[in-house]
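Below: one structure in structure tokens.
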Amino acid sequence: MSKEELSNDDKLVLAVKKRYRDMLAEGVDPYEWAYAWRSEINRGGFRAVDFLMDEIVDTGKCVGCAACVTICPTDVFDYKDEHPVDTRKDACVLCELCADVCPVLRPLDKDLHTLLGFKQPIIDEGFGPYNYAVIARAKNKEFLDKGQDGGVTSALLVHLLEQGTINGAVLGDVLPENPQIGVQKLATTSEEIVQCSGSRYTYSPNTVALTEAMRRDVHPLAVVGVPCQVDGVRQQQYSSIRLEVAKWYQKNVSLVIGLFCSESFTHEHITFIAKELDVDPEDIVRVNVKGKVIIELRDGREIIMKLKDFHPFARPACLYCLDYSAEHADIGVGGIGLDGWTFVAVRTEAGHKAFQAGVDADLFEIMEVDEVPKAKSLLIRLSDMKRNKPLPALMPTLQERIEMGNTNPKTFYKDYNPSNGGKNGK
Ligand SMILES: Cc1cc2nc3c(=O)[nH]c(=O)nc-3n(C[C@H](O)[C@H](O)[C@H](O)COP(=O)(O)OP(=O)(O)OC[C@H]3O[C@@H](n4cnc5c(N)ncnc54)[C@H](O)[C@@H]3O)c2cc1C
Ligand code: SF4
Ligand code: SF4
């Protein structure tokens, strides 16, 4: 199509795209990148959904956090196969919120740290600001047995729900026929929270349930998610453009628990396990990664597989994520270097208030972090590995990585050699 044949909407999208690309090429401060699209608002707006789809989704850079889906005031997007789909783009009201909340398009605003209310004094040892950390596990055996690590996350949420501190939680549940494939869940009862316990290593679109929470006006609300989802929630709460929908998240999401995460796996890893062990996917009741992959089967068997056999199943989109330790959550949790315990990093005042309520109710057994020194040192090392990459806007697209022959998010920058067309230079 020639330039003359383009509609005015299309021309505006191209203009924003050019402005954005020029800023990247000129090495402009990344915090200014939002200027490329925000400046269009003063002139009446533009169809940001097209820009987002071109720049992030079609390039394979979308991490699937669903922030664009759940912020859109006119329901332009569906969410399918870990990505937004612009099903109703004619409904776009040119508000550009979808572009503004995307954590891949730009780094989170600098003032976020003030807005989040990190508890003072802040400690920063390389895994995000925090005030204190402990290693804990639930005293109640049900949470311990069903939880992925120490069951702290679910035990705390159930307590907060029963106390009336929250009225719902956005979590991940599973498909009945495949307990390792995650689906979003708005849990409003203790039973539903317990049902969601445990981790699935496939990408679970938890935050898609924010739309339901808003529609049903369920609040105060807790959200549990991996770091990309935490960032998507924070962008929605604190992006600088204020619409009613953003205000709802700001006012009503009262606690965000972030799960440490190096990457998630594609669905094929379940098919691989099922084939290797000659079982049905529905018989794989738990997968845990602890330097090796521990698989628990419905018949009670526990099978160990090598982590390196799972490298081909690392989700390519996870390359575009720089956060291991959920740095913007109120509480960060992980099972790092531990067996049956949860590492808990309390970051904000809201996180402290929630966790302290659990401690006061005697929910947990608690150890000092120094009792297992390798947990914190591993956390620092893995956080550093993930941070130490260019910003996603400056990384190659998925197509370019396929051409370079490396789509693995974990090894890409280890092997990357820009002077050799990006191919492994060793
Ligand atoms: C994809 C993924 C990768 C992870 N990688 C690491 C890691 O590298 N290092 C580390 O220390 N910890 C990692 N974790 C976190 C760890 O597995 C535990 O979730 C965490 O220690 C909390 O344990 P718990 O027993 O307190 O939680 P539980 O009480 O078992 O609660 C777990 C919560 O996680 C939610 N959930 C389950 N699956 C998903 C999912 N796929 N996406 C989002 N939410 C989900 C559930 O809804 C539930 O609320 C990862 C988790 C996931 C989901
Ligand atoms: S990364 Fe999140 S906000 Fe950005 S396009 Fe993907 S789902 Fe939407
Ligand atoms: S590595 Fe990042 S993008 Fe991938 S699932 Fe984890 S938090 Fe999300």
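The values are calculated or read from the model by the stated rules, or taken from the named source; none is laboratory data. Being a predicted model, the structure only gives us computed values, none of them experimental. Neighbour counts run over all protein chains shown; Cβ positions are idealised from the backbone, glycine included.
Please specify each residue of region 117-159 satisfying the condition of being aliphatic (A, V, I, L, M), in contact (Cβ under 8 Å) with a residue 60 or more places away in the chain and buried (at least 23 other Cβ atoms within 10 Å of the Cβ).
Within region 117-159, Ile135, Ala136, Ala138, Val152, Ala155, Leu156, Leu157 meet the criteria.
Something else: Considering only region 11-60, state which residues are hydrophobic (A, V, I, L, M, F, W, C), more than 22 Å from Leu243 (Cβ to Cβ) and part of a loop (DSSP other than H, G, I, E, B).
Residue satisfying the conditions is Val28 alone.
Quick one: in region 127-155, which of the residues that are among the small types (Gly, Ala, Ser) and part of a helix (DSSP H, G or I) is farthest from Leu186 (Cα to Cα)?
Ala155
Looking at region 77-93, is at least one residue among the basic types (Lys, Arg), buried (at least 20 other Cβ atoms within 10 Å of the Cβ) and under 20 Å from the mean Cα position of the chain (by Cα)?
Within region 77-93 (the criterion being among the basic types (Lys, Arg), buried (at least 20 other Cβ atoms within 10 Å of the Cβ) and under 20 Å from the mean Cα position of the chain (by Cα)), the answer is no, since none of the residues qualifies.
Let me ask another. Just for strands (runs of 3 or more DSSP E) wholly inside region 269-363: which have at least 1 residues that are in contact with an Asp or Glu (Cβ under 6 Å, 6 or more places away or on another chain) and closer than 30 Å to His113 by Cα?
Once the strands (runs of 3 or more DSSP E) in region 269-363 are filtered for at least 1 residues that are in contact with an Asp or Glu (Cβ under 6 Å, 6 or more places away or on another chain) and closer than 30 Å to His113 by Cα, what remains is 342-346.
Table: residues versus (1) closer than 19 Å to Met395 by Cβ; (2) at pLDDT below 95; (3) touching a helix residue (DSSP H, G or I) at 6+ places or on another chain (Cβ under 8 Å); (4) not assigned by TED's automatic domain parsing to the domain that holds Val245.
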{"position": "Tyr31", "(1), (2), (3), (4)": "yes, yes, no, yes"}
{"position": "Ala34", "(1), (2), (3), (4)": "yes, yes, yes, yes"}
{"position": "Glu40", "(1), (2), (3), (4)": "no, yes, yes, yes"}
{"position": "Met53", "(1), (2), (3), (4)": "yes, no, no, yes"}
{"position": "Gly60", "(1), (2), (3), (4)": "yes, no, yes, yes"}
{"position": "Gly64", "(1), (2), (3), (4)": "yes, no, yes, yes"}
{"position": "Val69", "(1), (2), (3), (4)": "no, no, yes, yes"}
{"position": "Glu82", "(1), (2), (3), (4)": "yes, no, yes, yes"}
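Sticking with this one: Checking Glu192 against (1) modelled with pLDDT of 95 or more; (2) within 16 Å of ligand 3 (Cβ to nearest atom); (3) in contact with a Lys or Arg (Cβ under 7 Å, 6 or more places away or on another chain), which test does it fail?
(2)
Okay, next question. Could you list, in sequence order, the residues of region 27-59 that are over 22 Å from Asp109 (Cβ atoms) and among the hydrophobic types (A, V, I, L, M, F, W, C)?
Met53, Val57
Would you check if Trp341 is buried (at least 16 other Cβ atoms within 10 Å of the Cβ), over 17 Å from the mean Cα position of the chain (by Cα) and within 12 Å of ligand 1 (Cβ to nearest atom)?
Taking the combined requirement at face value, the residue satisfies it.
Also: Six or more apart or on different chains, Cβ atoms under 6 Å: show the pairs whose first residue is in region 334-354 and closer than 21 Å to Ala375 by Cα and at pLDDT 95 or above and whose second is among the aromatic types (Phe, Trp, Tyr) and in a helix (DSSP H, G or I).
Every condition considered, the pairs that remain are Val346/Phe355.
Among helices (runs of 4 or more DSSP H) lying entirely in region 183-260, which contain 2 or more residues that are under 13 Å from His328 (Cβ atoms), in contact with a His (Cβ under 9 Å, 6 or more places away or on another chain) and not aromatic (Phe, Trp, Tyr)?
Answer list for region 183-260: 227-238.
Now for a separate question. Mind telling me which of the residues Glu192, Glu268, Glu282 ends up being more than 16 Å from ligand 2 (Cβ to nearest atom), among the charged types (D, E, K, R) and over 30 Å from Val76 (Cα atoms)?
Glu282
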